[in-house]
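K.L.:
Provided herewith is a single structure, encoded as structure tokens, for subsequent inquiry.
Every number here is computed from the coordinates shown, using simple stated rules; none is lab data. Bear in mind that the values here come from a model prediction, so they are computed numbers and not experimental data. Virtual Cβ from ideal backbone geometry, glycine too; neighbours counted across all protein chains shown.
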């Protein structure tokens, strides 16, 4: 797949247009809302890969961080900052593959939220992550 070919998201995914400049630069990303939460996805391109031709770990972690942050926002409606993120790399993705993921909050207090995310290519797990986010209720959402 060339860098200019259609991203061809699966049915029901729509282009995400309200992302920050870093994430927008790394996309395009797509999303859909489901009965159980949300799913984000991206068609892996060569620019997302390392010298071995597989998805760069930093790209996977940035994607997972976005999923975790989305879960926190959807659960708390509060601006939040990543305090810690732990990632387990299980496999990878190659150019042309559809990478998708979701996340959920497992616990939230008045000041922090704990969450977990999974990334997949089809049924193959690619990355699992957990995170802790600092809730910033006095800050306005600038997105």
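K.L.:
Mind checking the angle between helix 57-76 and the chain's longest principal axis? C-alpha axes, 0 to 90 degrees, to the nearest 10.
P.N.:
Once rounded, one gets 40 degrees.
K.L.:
Want the number for residue 56 to residue 36: 0.36 nm per residue separation, take away the alpha-carbon distance, what's left?
P.N.:
Details: separation 20, 0.36 × 20 = 7.20 nm, distance 2.88 nm.
Full extension from residue 56 to residue 36 adds 4.3 nm.
K.L.:
Based on other C-beta atoms within 10 Å, arrange 63, 13 from fewest to most. Display every interim value, and only then the final one.
P.N.:
Working: 63 27, 13 19.
In increasing order of surrounding Cβ atoms, one gets 13, 63.
K.L.:
I would also like to ask the following. Tell me, what is the Rg over Rh of the stretch 54-101, with Rh the Kirkwood radius over Cα pairs? Can you show the working numbers first?
P.N.:
Values: Rg = 12.5 Å, Rh = 12.1 Å.
Using only Cα positions, Rg/Rh for the stretch 54-101 is 1.03.
K.L.:
Still on this structure, I have one more. Give the Rg (one decimal place) followed by the Dmax (whole number) of the stretch 62-143, computed from C-alpha coordinates and expressed in Å.
P.N.:
My reading of the Cα-based Rg and Dmax gives 13.4, 42 Å.
K.L.:
Follow-up question, since we're still on this one. GNM on the chain, C-alpha springs below 10 Å: top fluctuator among 131, 20, 37?
P.N.:
In this elastic network of the chain, the residue with the biggest mean-square fluctuation among 131, 20, 37 is 20.
K.L.:
Set the Förster distance to 30 Å, then compute FRET efficiency between residue 12 and residue 88 from the Cβ-Cβ distance, nearest 0.05.
P.N.:
Details: r = 28 Å, r/R0 = 0.94.
So the FRET efficiency works out to roughly 0.60.
K.L.:
Let me ask something else about it. Grab the alpha carbons of the chain, take their convex hull, and tell me the volume per residue in Å³. Don't skip to the answer; put the middle values down first.
P.N.:
On the way: hull volume 15.7 nm³, N = 143.
Expressed per residue, the convex hull around the Cα atoms of the chain is 109 Å³.
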